[in-house]
1. Of these, Ile211, Ile229, which one is surrounded by 12 or more Cβ atoms within 10 Å (Cβ to Cβ), at pLDDT 95 or above and within 17 Å of Gly146 (Cα to Cα)?
2. Among the numbered criteria (1) open to solvent by 60 Å² or more (accessible area, probe 1.4 Å); (2) without any contact (Cβ under 8 Å) to a residue 60 or more places away in the chain; (3) in a loop (DSSP other than H, G, I, E, B), which one does Pro187 miss?
3. Can you tell me which of Thr101, Thr172, Thr151 is of a type in the set (Ser, Thr, Tyr) and touching a strand residue (DSSP E or B) at 6+ places or on another chain (Cβ under 7 Å)?
4. I'd like to check something: does the range 200-207 contain any residue that is in contact with a strand residue (DSSP E or B) (Cβ under 9 Å, 6 or more places away or on another chain), over 22 Å from Asn128 (Cα atoms) and of a type outside the set (Val, Ile, Thr)?
5. Can you name the residue in the range 25-48 that is open to solvent by 60 Å² or more (accessible area, probe 1.4 Å) and not in a strand (DSSP E or B) and, of all such residues, is farthest from Gly108 (Cα to Cα)?
6. Can you list residue pairs whose Cβ atoms sit under 6 Å apart, with the first residue in the range 202-231 being farther than 22 Å from Glu253 by Cβ and the second being loosely packed, with under 14 Cβ neighbours inside 10 Å? Count only pairs 6 or more apart in sequence or on different chains.
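The values are calculated or read from the model by the stated rules, or taken from the named source; none is laboratory data. Note that the structure is predicted; figures quoted are calculated from it, not measured. With ideal geometry, Cβ positions are generated from the backbone for all residues, glycine too; neighbour counts draw on all protein chains shown. The area values use the complete protein model at the heavy-atom level, side chains included, leaving out ligands, DNA and RNA. Shrake-Rupley method; radii C 1.70, N 1.55, O 1.52, S 1.80 Å.
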Amino acid sequence: MASDISPRAEIDPRASIGDNCKIFPFVYIEGDVVIGDNCIIFPFTSILNGSRIGKGNKIHQGSVIAALPQDFEFRGEKSECIIGDNNIIRENVVVNRATHTGGQTVIGHDNFLMEGVHISHDTKIGNNCVFGYGTKIAGDCIIEDGVIFSTSVVENAATRVGAGAMLQAGTTFSKDVPPYIIAGGNPVKYGGVNTTILTMYSVTEKVQKHIANAYRLVFHGQNSVEDAILQVKEQVPDSPEIKHIIEFINNTERGIITKM
């Protein structure tokens, strides 16, 4: 089915737009852009060079996709902003493309970005994440699947958030947030295991208890994080979730958030 494109939208003829899209008046689309099927682009949205947008996305008023990176190292290189399928991007969201040639800012599938969210250059986001009102994600961050950011969260540059974690409203953090936990406060601290999201993902109660025991060793023990991980390996029964916790913490470069 042909797309419904308003004659009052300004679209470069080189842009590639899929089937059955709805593009409202006053949308601005540059030439180096690919938009998949069944997307809805609301008025006053700008989709700029380097945008690669999948199927079934809804991008609301005032959003800017593939904005130039706000990075002092940017020299005008050609880079990309990749957005997967079935994302909802609400009003006034800004997503920057990557800084350097060949680089990518990536948003996966089935994410919900609420009003005023900003995703900076070279950040990689997985699937099924929620970003609350006014949340700001700095450059070079990694956010795994199923992460929830509440209102006005600030993630500083080059940090990671593990799968199934939740950041409470108003939290600012500069270290990695391990998987499956709730974190909040300023300074940010561990606030327990995110049992709601684990149950949603069909993680058994037994494994949830193992995860809680692992984080008891990491956050409440008297040992260093490195020694706590050795204790987790020795004392906590193995599972994919425990393996992921160990791998995530072992691979941290910024360190993990503060103990209670």
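1. Working: Ile229 fails: within 17 Å of Gly146 (Cα to Cα).
Among Ile211, Ile229, only Ile211 is surrounded by 12 or more Cβ atoms within 10 Å (Cβ to Cβ), at pLDDT 95 or above and within 17 Å of Gly146 (Cα to Cα).
2. (2)
3. Working: Thr101 fails: touching a strand residue (DSSP E or B) at 6+ places or on another chain (Cβ under 7 Å); Thr151 fails: touching a strand residue (DSSP E or B) at 6+ places or on another chain (Cβ under 7 Å).
Result of the check over Thr101, Thr172, Thr151: Thr172.
4. The first filter runs over the range 200-207 and keeps only residues in contact with a strand residue (DSSP E or B) (Cβ under 9 Å, 6 or more places away or on another chain), leaving none.
No, because not a single residue in the range 200-207 is in contact with a strand residue (DSSP E or B) (Cβ under 9 Å, 6 or more places away or on another chain), over 22 Å from Asn128 (Cα atoms) and of a type outside the set (Val, Ile, Thr).
5. Looking at residues that are open to solvent by 60 Å² or more (accessible area, probe 1.4 Å) and not in a strand (DSSP E or B), I get Phe26.
6. His210/Pro237
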